[in-house]
Amino acid sequence: MIAGAAVPGPDGRLRCPWALSTADYVSYHDDEWGRPVHGDDALYERLSLEAFQSGLSWITILRRRPGFRAAFADFRIEKVAAFTDEDRDRLLADPGIIRNRSKIDATMANAKILAEWGPGELDALIWSHAPEPGACPAPKTIADVQAVTPESTALSKALKKRGLRFIGPTTAYALMQACGLVDDHLETCVARRIL
């Protein structure tokens, strides 16, 4: 077996190795990660969760996602944009989320900015940074998966230019992976899309 290559899961099907590191990851890997996500609220949720993930493992965020959704009004931009200082205090005391003041403040500030955008504008901006289908070769091993790309750097710059916070190139690339702008499932992974 090649180090970092797809490995058989409990059902015998090959998956990216990270998907088998904990039971919680299997359905996320198979059914969500790398699948196209559209819609401003849905992308705002992913953008926010990726920001909260900075410096932590994704499993920490995934396990708290229901708490985040409850705390942040299902990441409906208009609702979060109306949050007040009292809401910030509530969030800072909520054990169901990551209680990091900078990340909470960024999530609230980003909603206020996005509430001023037109419908579909966040979706269009993010998806305008997707590489052409088939432009990136399928990774054979985890070592072939990049952490930053020219597209993620450009996306980060575009979002920051519009005033959004907590979205560096690495976070932007994680967003691109999670939302299907790129397909970084390994070449032999059962979840890899056929393009």
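The values are calculated or read from the model by the stated rules, or taken from the named source; none is laboratory data. Quantities reported herein were computed from a predicted structural model and do not represent experimental measurements. Cβ sites come from the backbone with ideal geometry, for glycine too, and all protein chains shown count toward neighbours. Just so you know, the surface numbers come from the protein's heavy atoms only, side chains and all, with ligands and any DNA or RNA stripped out. Shrake-Rupley method; radii C 1.70, N 1.55, O 1.52, S 1.80 Å.
Against the test of being among the small types (G, A, S), farther than 28 Å from T22 by Cβ and at pLDDT 95 or above, the options A106, A71, A115 yield a single qualifying residue, A115.
Among the residues making up the range 129-162, those that are under 17 Å from L43 (Cβ atoms) and in contact (Cβ under 8 Å) with a residue 24 or more places away in the chain are H129, A130, E151, S152, A154, L155, A158, L159, R162. Of the residues I142, I113, the single one that is among the β-branched types (V, I, T) and in contact with a Lys or Arg (Cβ under 8 Å, 6 or more places away or on another chain) is I113.
Residue count for the range 90-109 under the criterion of being in a helix (DSSP H, G or I) and open to solvent by less than 30 Å² (accessible area, probe 1.4 Å): the result is 7.
Selection over the range 16-34 of residues that are under 18 Å from Q146 (Cα atoms) and not aliphatic (A, V, I, L, M) gives a count of 6.
Residues that are farther than 26 Å from A147 by Cα, hydrophobic (A, V, I, L, M, F, W, C) and open to solvent by 40 Å² or more (accessible area, probe 1.4 Å) within the range 52-73 comprise just one, A70. Under the condition of being in a loop (DSSP other than H, G, I, E, B) and either of a type in the set (S, T, Y) or in contact with a strand residue (DSSP E or B) (Cβ under 9 Å, 6 or more places away or on another chain) (or both), which residue from the range 1-54 is farthest from K112 (Cα to Cα)? So, considering only residues that are in a loop (DSSP other than H, G, I, E, B) and either of a type in the set (S, T, Y) or in contact with a strand residue (DSSP E or B) (Cβ under 9 Å, 6 or more places away or on another chain) (or both), the one farthest from K112 (Cα to Cα) is M1. State the number of residues belonging to the range 118-128 that are assigned to a helix (DSSP H, G or I) and either at pLDDT below 95 or closer than 12 Å to D41 by Cα (or both). So the answer is 3. Summed over the range 17-73, residues that are of a type in the set (A, V, I, L, M) and within 14 Å of the chain's Cα centre (by Cα) total 10.
Check L14, L43, L49 and return the single one that is open to solvent by 20 Å² or more (accessible area, probe 1.4 Å) and either of a type in the set (A, V, I, L, M) or over 22 Å from A111 (Cβ atoms) (or both). Explain how you work it out, then say what you get.
Values: L43 fails: open to solvent by 20 Å² or more (accessible area, probe 1.4 Å); L49 fails: open to solvent by 20 Å² or more (accessible area, probe 1.4 Å).
Residue meeting the stated conditions: L14.
Within the range 138-160, identify whether any single residue is surrounded by 17 or more Cβ atoms within 10 Å (Cβ to Cβ), part of a helix (DSSP H, G or I) and small (G, A, S), and answer yes or no. Yes: the range 138-160 contains one or more residues that are surrounded by 17 or more Cβ atoms within 10 Å (Cβ to Cβ), part of a helix (DSSP H, G or I) and small (G, A, S). Could you please find all residues in the range 78-128 being in contact with a Leu (Cβ under 8 Å, 6 or more places away or on another chain), free of Cβ contacts under 8 Å to residues at least 24 places away in the same chain and of a type in the set (A, V, I, L, M)? I104, the sole residue that qualifies.
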